[in-house]
Every structure is written in C-alpha cells, then in structure tokens.
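Read the structure below first, then the notes.
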Amino acid sequence: MALEQTSTVDKVRENLRLQQVYNVFLHYGLDIAFERVATIALFRQKMQRWVWNLPDDLESPALPVKVRLMIEELGPTYVKVGQIVSSQASVVPPEWEEQLARLQSNVPPFPSDVVRQIIIDELGAPPEELFAVFDSDAFAAASTAQVHRATLHDGTEVVVKVQRPNIRNQMKADVGIMRNAARVLSNRSQALRAIDLSGMVDEFGSNAIRELDYTGEAYNSFRLTQNMAGIPGVHIPQIYPELSTDRVLTMEFIRGVKISNLAAIDEAGLDRKTLAQNALRAIVKQLLIDGFFHADPHPGNVLVRLGGEQAGEIAFIDTGMVGELELSQRLNIIQLLIAVTQNDVMGMASVMKSLSVPFVDKVDDKAYYKDFERTVGRAMISGGKADFGQTVNLAMDLLRRHGLRLDANLTLAIKALMQAQAIAVLLFPEGGIVADGVQMIREEALKAVTADRLYEEAKKQLTLVAREAANNLPSLSEATLGWLNQYRKGRFEVYVDTSGVAKEVQKVSQLGRQLVIALMVVGMVIGSAIATVGIGLGQFEGQYWTTISQIAVLGYIFSSLVAAVVVLRLLWRWLRGRPADKD
C-alpha cells in the first residue's frame with residue numbers, strides 16, 4: 001500500500017516534529033560523545049555528582065541503555081523500529097537485544113482521564129457504564145496503545161486496548177521524516193540505494209499506519225480463530241465488536257506469561273516440547289497451509305496459560321500485523337524449508353532467487369550463485385545441522401548485495417518463520433523448523449485435503465462462476481422481449497462477428513494470388529529455357545522453327561526480367577521493414 005500524499009498541514013507537522021527529533025538526538029548524542037572521551041567523562045561525572053548530590057558509587061548507564069531511553073523519548077514510531085530490530089536476535093548482540101526487548105512492554109502510559117474521554121468519544125458512554133468493572137490504571141502500555149483490565153456485566157474478564165491520543169498524526173509525521181531522510185541518504189550513498197532504503201521505509205510506514213485501524217485487527221483475529229480451530233493447544237482471543245471501534249478494541253483477557261518465560265513454564269509443570277511443537281505447528285499452518293498468518297509472533301505476543309482447564313494453551317495476541325501468501329509463494333517457501341533440511345545449498349539459492357525481484361538494472365546470476373555457495377554453504381554444511389535463522393539471514397543479506405529483494409509479504413513470512421524457530425528452539429533445542437517443519441507440513445496438508453473441504457471449495461468456485469455469468473447476462477426482461485419479437489417475425493436472428501475471419505481470409509487470398517503469379521513466372525522461365533535448348537540441340541531448320549526459337553528466347557528473357565523485378569521488389573520491402581501481408 002502506497003503512503004498517502006503529504007498535505008501542507010502534514011509538512012508543517014513534519015517540520016515541528018523534526019525539531020523535536022533533532023533535539024532528542026542532539027541531547028543523547030552529546031551525552032554519548034562526551035562519555036567516549038575519558039577526561040571529559042570523568043570531569044562531567046564529578047560535576048553531576050556535585051550538582052545533583054549523587055552517590056559516588058553510581059555508575060553511568062551503558063550505551064545500549066542510553067539508546068533504549070532515547071528511542072522511548074523519540075516516541076512510538078521509533079519504538080516500533082526498535083521492536084522490529086529486537087526480534088532479529090540472531091544478528092543483534094545480547095546486551096542490545098536485552099534492552100531493545102524492553103521496548104515491547106516498558107513504555108510510559110498516558111493519563112486515565114484521557115483514556116476515559118477517548119472511550120466516551122468512541123463508544124458513546126463512559127467506561128463505568130459500559131463495563132461492570134473498569135481499571136483506570138493501565139495493565140500494560142505499548143508504543144501505540146495501552147491496555148486496561150475490565151469485566152463485562154456477565155462477569156467475563158476482558159482487556160480494553162485504547163489508542164494513544166494524536167498517535168496517527170505523530171506517526172505520519174515521523175514516517176514523513178524517515179522518508180525524507182532515506183531519500184537524502186540514498187542519493188548520497190550507493191550502498192543505501194543498493195539495499196533500497198527508501199522502499200524499506202515506505203513499507204514500514206505503510207504497515208505501521210495501517211495497524212492503527214483496530215477494525216482490521218478485529219477482522220484478523222476472527223479469521224485466525226477460524227483457521228486455528230483444528231490446532232490443539234492454540235487459542236486466539238475473542239473480540240467483542242459491540243465494544244470496539246477503530247481506536248478502541250475490547251477482547252478476551254488471557255491470563256498467562258510470555259512463552260519465553262521458561263522459569264514460570266517449568267514451575268507450572270508444563271511440557272516444553274509440546275509447547276514448542278504446538279507453537280511451531282500453528283505458524284506452519286498459518287503460513288504454508290492457510291496463507292494468512294500472524295506476522296509478528298515475538299514472545300511478547302505469544303502467551304502461555306499456566307493454570308486451570310486451559311493450562312498449557314498458547315494464545316496469539318495483538319493480531320494487528322498479518323500477512324497473506326499466494327499458493328505459489330507458499331510452495332516456494334516449502335521448497336526452501338526442504339532445501340535447508342537437506343543442506344541443499346544450490347537448491348536454496350535457486351528458491352530464494354525465484355522468491356525475489358531485482359531492484360537493479362542487471363543481476364549477475366553467476367556471481368550470485370557463486371557467492372551463495374561460498375557464504376551460505378559454509379554456514380549450512382560446516383556446522384552439521386543447519387541453523388535456520390542464521391542461514392536465512394545470510395541468504396537475505398546476499399540477496400540485497402546482489403540487487404534482489406523479497407516483497408513485503410514474503411519478508412513478513414520469513415521473519416515470522418524465524419521468530420517461530422527462535423521460540424521453538426528456546427523451548428526445545430532438539431526441535432525446530434528444520435527438524436519438525438517438513439513433517440508438520442505433510443500432516444497439515446493431508447488434513448486440509450478432505451472431501452468436505454474439496455466440496456466447500458468447489459461450491460465456492462461454482463458460486464463465483466455463476467455470479468460472474470449472471471453479471472454478464474442481459475436482464476431477463478430484455479432477453480424475453482427480444483426472443484418474442486423474433487418469434488413474431490417467424491425467424492431467429494443470430495449475429496456472428498466474422499471481422500476477424502474476414503481478415504484471415506483476405507490474407508489467404510493474397511497469398512494465393514502471389515503463389516499463382518510465382519508459379520506462372522517460374523513456368524515461363526523453365527518452359528522457354530527448355531524450348532530454346534531443345535530447338536538448338538535438335539538442329540531443326542526452316543522458317544517455322546526459327547520463329548519458334550525466337551519466341552522461346554524472348555519468353556525466357558521476359559520471364560527472367562519479371563522474376564528479377566519481383567525478387568528485387570520483395571527484397572526492397574523486406575529491407576525497409578514492410579509487413580509481408582502488404583506485398
């Protein structure tokens with residue numbers, strides 16, 4: 001989805017927001033720069049302790065901590081970027097990954113009176129009337145919204161997700177700033193142009209702004225609930241549409257812990273292997289069987305219920321970001337998994353290239369395959385069992401270096417697979433997408449191909465065909481009146497469009513005429529030549545044979561001239577590019 005064109009108001013908003021972003025970068029940038037010079041850092045720390053009366057043993061925060069604080073101060077858009085980076089644990093150092101992961105939950109909430117006013121504006125009544133109990137204190141705060149605990153009048157526990165005020169305008173301004181920065185940097189750097197930085201920023205901005213419409217999240221939840229009905233131990237929270245709008249979303253409360261909380265899972269006595277396989281099977285079915293998948297299954301969005309009848313049940317929350325894959329894309333990803341499972345380096349190179357599109361004028365295929373075999377092959381083969389996340393990261397980096405990229409949905413799909421792999425291996429190191437993925441695909445595919453499903457799909461396709469046919473038919477009244485009028489005339493008229501046939505017949509007629517002329521000219525040349533030679537060899541004498549011999553010679557000369565003219569004309573038209581059917 002392309003980003004909206006910026007208006008004058010948007011540009012003014014971007015300029016104001018740009019000044020805020022600049023001030024934050026300047027503040028933290030100077031702090032980080034001073035810390036890198038030992039003499040200045042020591043003097044600065046002493047002055048801070050003296051001015052603020054700080055204890056002597058207080059240590060300065062580490063660089064990852066400062067960057068995380070800077071991102072939080074910059075606002076929700078930059079927090080979202082940090083969350084995306086933190087999900088790539090295989091390429092982020094542990095100390096940075098730990099700090100960036102805190103962005104997923106540790107965001108300051110906004111005041112309760114603002115929450116109350118938003119609910120009144122959106123749902124038409126205050127929360128104390130809509131709910132039996134409504135907790136004004138935020139249960140959790142995220143980059144674009146915060147969540148409050150509540151209880152319906154029938155006793156059902158729910159959570160109410162309320163969008164941050166003015167977040168849409170701020171995110172549009174931030175995305176506009178990022179787009180301008182990406183354009184300037186790309187114009188000055190060949191490397192950034194090669195990785196299509198502007199395209200990446202556009203894609204991120206479109207997805208981030210689309211997620212702010214909660215009606216889309218409600219639809220995603222409903223569709224995922226249907227698709228996950230046959231997967232044991234997997235649950236999608238129920239949405240309450242009568243208490244939801246595009247800025248407020250009321251959904252079932254899931255009492256559980258992050259799936260990465262191994263201590264709580266072990267304390268509850270849950271089987272890690274079962275949890276790992278259920279989570280992996282859910283992602284495999286979403287991605288490769290249904291083609292509609294949760295595109296951000298990081299540990300903060302995958303919870304495990306610890307007690308009660310639903311103990312061990314996995315719940316996928318925050319369905320705002322989803323992706324869709326066509327059948328051909330799903331089949332290619334399945335081939336990719338098989339190639340990784342079999343350590344087939346060149347097979348993986350071929351599949352990754354078929355999934356990609358070039359963003360440069362020319363791609364050197366030979367260099368790509370050679371580089372792929374040397375770089376990815378070493379990671380896949382030298383270490384024995386291939387690490388899926390590391391292997392795919394290397395492959396995607398190679399694609400970018402050779403002027404290739406995946407489209408938005410394929411990028412989301414690969415990212416979701418990598419996140420599912422990270423969760424599964426964390427819970428059960430012996431499993432994962434490489435060990436169990438292909439077998440799960442076979443099992444889920446067999447479940448999908450049943451008589452009932454085939455019947456439903458055939459019925460759906462027949463309905464579509466019938467609807468299209470009905471749309472293309474004339475109205476019943478027009479057709480009936482037309483037939484009655486023809487019946488009164490005593491005949492039925494059928495209109496046949498022969499314009500296309502007439503053109504082809506004309507071409508055949510032209511070809512026939514050309515063929516007759518050619519045969520006549522060839523016959524004249526051959527006949528006159530035979531007559532001339534025969535009379536000469538026979539040594540016939542007399543006025544009669546002399547006349548015949550002269551006629552034969554003249555006929556030979558004439559037919560040869562005609563043939564020469566025809567050949568020269570055809571060559572002239574051919575050299576000038578005239579179509580053959582005009583001869």
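The values are calculated or read from the model by the stated rules, or taken from the named source; none is laboratory data. Computed from a predicted structure; not experimentally measured. Glycine gets a Cβ as well: all are built from the backbone with ideal geometry, and neighbour counts include every protein chain shown.
Annotations
- Filtering 25, 34 for residues that are surrounded by 12 or more Cβ atoms within 10 Å (Cβ to Cβ), in the same structural domain as residue 100 (by TED's automatic domain parsing) and at pLDDT below 75 leaves a single hit, 34.
- Flag for residue 353 being under 19 Å from the mean Cα position of the chain (by Cα) and assigned to a helix (DSSP H, G or I): yes
- Some residue of the stretch 256-263 being without any contact (Cβ under 8 Å) to a residue 24 or more places away in the chain and in contact with a strand residue (DSSP E or B) (Cβ under 7 Å, 6 or more places away or on another chain): no
- Out of 309, 373, one residue alone is part of a loop (DSSP other than H, G, I, E, B) and acidic (Asp, Glu). It is 309.
- Qualifying residue in the stretch 212-232 (condition: of a type in the set (Gly, Ala, Ser), surrounded by fewer than 20 Cβ atoms within 10 Å (Cβ to Cβ) and not in a helix (DSSP H, G or I)): yes
- Which numbered condition residue 340 misses (of (1) hydrophobic (A, V, I, L, M, F, W, C); (2) closer than 26 Å to residue 199 by Cβ; (3) crowded, with 18+ Cβ neighbours inside 10 Å; (4) at pLDDT below 85): (2)
- Across the stretch 143-164, the qualifying residues are those that are outside any strand (DSSP E or B) and without any contact (Cβ under 8 Å) to a residue 40 or more places away in the chain, and the one among them that is surrounded by the most Cβ atoms within 10 Å (Cβ to Cβ) is 153.
Residues checked against (1) without any contact (Cβ under 8 Å) to a residue 40 or more places away in the chain; (2) under 30 Å from residue 123 (Cα atoms); (3) assigned by TED's automatic domain parsing to the domain that holds residue 423:
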| residue | (1), (2), (3) |
| --- | --- |
| 251 | no, yes, no |
| 269 | yes, no, yes |
| 273 | no, no, yes |
| 282 | no, no, yes |
| 290 | no, no, yes |
| 302 | no, yes, yes |
| 324 | no, no, yes |
| 329 | no, no, yes |
| 334 | no, no, yes |
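- Selected residue (only one of 182, 132, 125 is under 25 Å from residue 77 (Cα atoms), free of Cβ contacts under 8 Å to residues at least 60 places away in the same chain and small (Gly, Ala, Ser)): 182
- Contact map, the stretch 352-368: residues that are without any contact (Cβ under 8 Å) to a residue 24 or more places away in the chain paired with residues that are surrounded by 12 or more Cβ atoms within 10 Å (Cβ to Cβ), Cβ distance under 7 Å, separation 6+ or inter-chain. Pairs shown: 354/332.
- Count - residues of the stretch 234-249 that are surrounded by fewer than 19 Cβ atoms within 10 Å (Cβ to Cβ), in contact (Cβ under 8 Å) with a residue 24 or more places away in the chain and within 28 Å of the chain's Cα centre (by Cα): 1
- Within the stretch 233-254, considering residues that are in contact with a helix residue (DSSP H, G or I) (Cβ under 8 Å, 6 or more places away or on another chain), assigned to a strand (DSSP E or B) and not β-branched (Val, Ile, Thr), the one farthest from residue 149 (Cα to Cα): 249
- Selection from the stretch 198-242 of residues that are under 28 Å from residue 305 (Cα atoms) and of a type in the set (A, V, I, L, M, F, W, C): 212, 218, 222, 224, 228, 229, 231, 234, 236, 239
- Test: residue 319 is hydroxyl-bearing (Ser, Thr, Tyr), assigned to a helix (DSSP H, G or I) and at negative phi: no
- Exactly one residue out of 367, 279, 379 is outside any loop (DSSP other than H, G, I, E, B) and crowded, with 19+ Cβ neighbours inside 10 Å, and it is 279.
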